[in-house]
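Before any comments, here is the structure.
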Amino acid sequence: MAYENMGRGTILIADDVEINRVILGEIIQDMGYHPVLAADGEEALELVRTYPPLLILTDISMPGMSGYELCRLLKEDEETRNIPVIFISALDELEDIIEGFDLGGGDYITKPFIPEVVKARVSVQLRLYEMAQELREMNRKLQISVSEQLRQMEQEKKSILQALGNIAIQNSGHGEEYTRRLKHNCRMLAQGMQLSPRFEEKISDTFIDTIELAASLCDIGKIGIPKEILQKKEELTREEAAVMRSHTEIGAKLLFDLHGSSDYNDFVKISADTAHYHHESWDGSGYPQGLKGEEIPLAAQIVSLMNRFCMLTQDGRKREEALAVMQGEAGVNFNPDIFDICCKIWRQLC
């Protein structure tokens, strides 16, 4: 049978006995399919990998590659593993049948061939194959649909966060330019950390995008602080300072409530962690929980360090001078390893 017929609507028959190939070919043709014949396992394997058929009928005992070996190789290949295989043989021992099923065969036809039996078993395997394909296609479409819905939900939450970020700017006392610098510098520092063996496994491209957004939300909790405290020029009383410090808890609760139980919204969780812990110190002397060292979420460590840098440089102080001040705070307020990276990429900061 001509190889150019291989493709849609074809069934491959592999048997070293010509009369068996001819008989099966006629039965398959009578069913309305295109039979393609192979005289051994090697030829069948080459044909299948080049022009995958709907189904394979293969003899077990063939010179060279057996039907069992042909089936095993097909099932190991992702491109051909789903093609149904029916074994044909004069053998009808139970162990032979079981071996065929263990290798992934779908059915077993014994010689001499009874056309009605061949047609019935081929039809069943083709229908099962068709149903499996339909199920895979449904799953593919479902995954696309779910992914799109999750993407839309994520974008909606990002839009909400951006709106909240604008409110946070108005209440932080820093202004838009300060926030722009903080976001930029956090991104630059995270990119520098991504190139370091110390942090490369913790810093992904997604994390870098997220830390830029999270930085603008670190003071979101200040929307819950009275304006008279936020705008007070004199030194805060002990009670007022305690209220001011509560912005970390307020911001964390607001963002964690937005995060809910959806574990795919890591950007919301990172933003919440940053709002909650950006005033923690490396030595444990910070607030609100006195976390120490690696207990502090990495995003909060980055924002804390860059927040200090932006504060020191907002009135025109040179970057080198600000880093000199921060050198004495490394290991106390900041992770010293992150500060070292900051010193290496300082020319990219603004």
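So which lysines can residue 344 reach, going by Cα to Cα under 27 Å and dropping same-chain residues fewer than 8 places off? Counting by Cα, and skipping residues close in sequence, residue 344 has these lysines nearby: 183, 202, 292, 318. A straight Cα-to-Cα reach below 22 Å connects residue 119 with the lysines 111, residues fewer than 8 places away in its own chain not being considered.
Can you tell me the accessible area per residue over the chain, all protein chains present, probe 1.4 angstrom, in square angstrom? Mind showing how you got there, number by number?
Details: 18430 Å² over 350 residues.
For the chain, the per-residue accessible area is 53 Å².
Restricting attention to the chain, close to 0% of DSSP beta bridges with both partner residues there are antiparallel.
Averaging Cα coordinates gives a centre for the range 3-63 and one for the range 194-248; these two points are 69 Å apart.
Checking understanding here: applying a Kyte-Doolittle mean of at least -1.0 and a length along the axis of at least 20 Å (C-alpha), which whole DSSP H helices in the chain pass? Helices meeting the criterion: 115-172, 298-313. For residue 141, which lysines qualify as cross-link partners when the Cα separation must be under 28 Å and same-chain residues fewer than eight apart are set aside? Output for residue 141: 75, 157, 158.
Near residue 88, the amide H atoms lying under 5 Å from its own belong to 58, 59, 60, 109; only residues 5 or more places off or on other chains count, and H is placed 1.01 Å from N. Overall, the accessible surface of the range 1-156 at a probe of 1.4 angstrom is composed of carbon and sulfur to the extent of 53 percent. The accessible surface of the range 182-247, taken with every protein chain in place and a 1.4 Å probe, is 48 percent carbon and sulfur.
Spin-label model, residue 138/residue 348: points 7 Å from Cα along the beta carbon direction are separated by 4.9 nm. Amide H contacts of residue 55 (H built 1.01 Å from N, in plane; Pro and chain starts excluded): 12 sit under 5 Å, all sequence-distant by 5 or more or on other chains.
Take each peptide in 122-129, 198-205, count the other Cβ atoms within 10 Å of every residue, and average; sorted highest first, the result is 122-129, 198-205.
The values are calculated or read from the model by the stated rules, or taken from the named source; none is laboratory data. Note that the structure is a prediction, hence the values are computed from the model and not measured. Every residue, glycine among them, receives a Cβ derived from its backbone with ideal geometry; neighbour counts consider all protein chains shown. Quick note on the areas: whole protein, heavy atoms, side chains included, nothing else; ligands and nucleic acids left out. Shrake-Rupley method; radii C 1.70, N 1.55, O 1.52, S 1.80 Å.
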